[in-house]
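Read the structure below first, then the notes.
The values are calculated or read from the model by the stated rules, or taken from the named source; none is laboratory data. None of the values given here were measured: they were computed from a predicted structure. Glycine gets a Cβ as well: all are built from the backbone with ideal geometry, and neighbour counts include every protein chain shown.
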């Protein structure tokens, strides 16, 4: 089973409009216990995202803008100076509405993208959640790191069924009738034998890609080592 974003995302999403005030946005974050909220425009199209960090930025710089000589810690100034967001921080701190405060363009993902794609996108952009958008950029849901962790809490029985029925029985062209699989706490152990070493390796690689598999222990033996001599270990 290739888990898609639509299978794990939260569909009921609280959003704000671009005209929402600083206080309104803060109240939404607190009331719903979330760290970020999408900003939507006409017909539910996602314009940007506001996070707790965007709001706290305003408070951090407040004293400086009131002329009291406040300077953020050196570490914070260096981090912002080196990041792509650095030049935007001060203007965002002056903002009073969602349009001023939001990070734009929003990093989004489609509902039919794989959870692996979502994980990579989050890591690449350093975000904890992604608005899920459908056609024309309309908001359909939101997916968080916690949502993505759902793929790792599949039952052992469910993982074993996919490994046996989808991978070993149908996905491989080589004979796998002598291969058995057990699953415990997400760890798959493969036993048995196959004709060629290369086919045994492909079987292991395919099982490793099954969602929810934490690790694969390979006890498959082979009768013919068909790998090139320079690849053998």
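Listed here are the residues, each with its yes/no results for (1) surrounded by 14 or more Cβ atoms within 10 Å (Cβ to Cβ); (2) touching a strand residue (DSSP E or B) at 6+ places or on another chain (Cβ under 7 Å); (3) at positive phi; (4) not in a loop (DSSP other than H, G, I, E, B).
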{"site": "95", "(1), (2), (3), (4)": "yes, no, no, no"}
{"site": "99", "(1), (2), (3), (4)": "yes, no, no, yes"}
{"site": "106", "(1), (2), (3), (4)": "yes, yes, no, no"}
{"site": "112", "(1), (2), (3), (4)": "no, yes, no, no"}
{"site": "116", "(1), (2), (3), (4)": "yes, no, no, yes"}
{"site": "120", "(1), (2), (3), (4)": "no, no, no, yes"}
{"site": "123", "(1), (2), (3), (4)": "no, no, no, yes"}
{"site": "127", "(1), (2), (3), (4)": "yes, no, no, no"}
{"site": "131", "(1), (2), (3), (4)": "yes, yes, no, yes"}
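Of the numbered criteria (1) outside the structural domain of residue 36 (by TED's automatic domain parsing); (2) touching a strand residue (DSSP E or B) at 6+ places or on another chain (Cβ under 9 Å); (3) at pLDDT below 90, the one residue 173 fails is (2).
Condition check for residue 177 on (1) loosely packed, with under 15 Cβ neighbours inside 10 Å; (2) in contact (Cβ under 8 Å) with a residue 12 or more places away in the chain; (3) part of a loop (DSSP other than H, G, I, E, B): one failure, at (2). Residue 43 fails exactly one of the following numbered conditions: (1) under 19 Å from the mean Cα position of the chain (by Cα); (2) at positive phi. What is the number of that condition? (1) is the only condition that residue 43 fails. Given the conditions (1) within 30 Å of residue 33 (Cβ to Cβ); (2) in contact with a helix residue (DSSP H, G or I) (Cβ under 8 Å, 6 or more places away or on another chain); (3) in a helix (DSSP H, G or I), and given that residue 158 satisfies all but one, which numbered condition is not satisfied? That leaves (2) as the condition not met.
Which of the residues spanning region 23-47 are in contact with a helix residue (DSSP H, G or I) (Cβ under 9 Å, 6 or more places away or on another chain), modelled with pLDDT of 90 or more and either part of a helix (DSSP H, G or I) or closer than 22 Å to residue 119 by Cβ (or both)? Matches in region 23-47: 24, 25, 26, 29, 36, 37, 46.
Could you please let me know if residue 140 is over 15 Å from the mean Cα position of the chain (by Cα) and over 30 Å from residue 51 (Cβ atoms)? Here the answer is no, as residue 140 does not meet what is asked.
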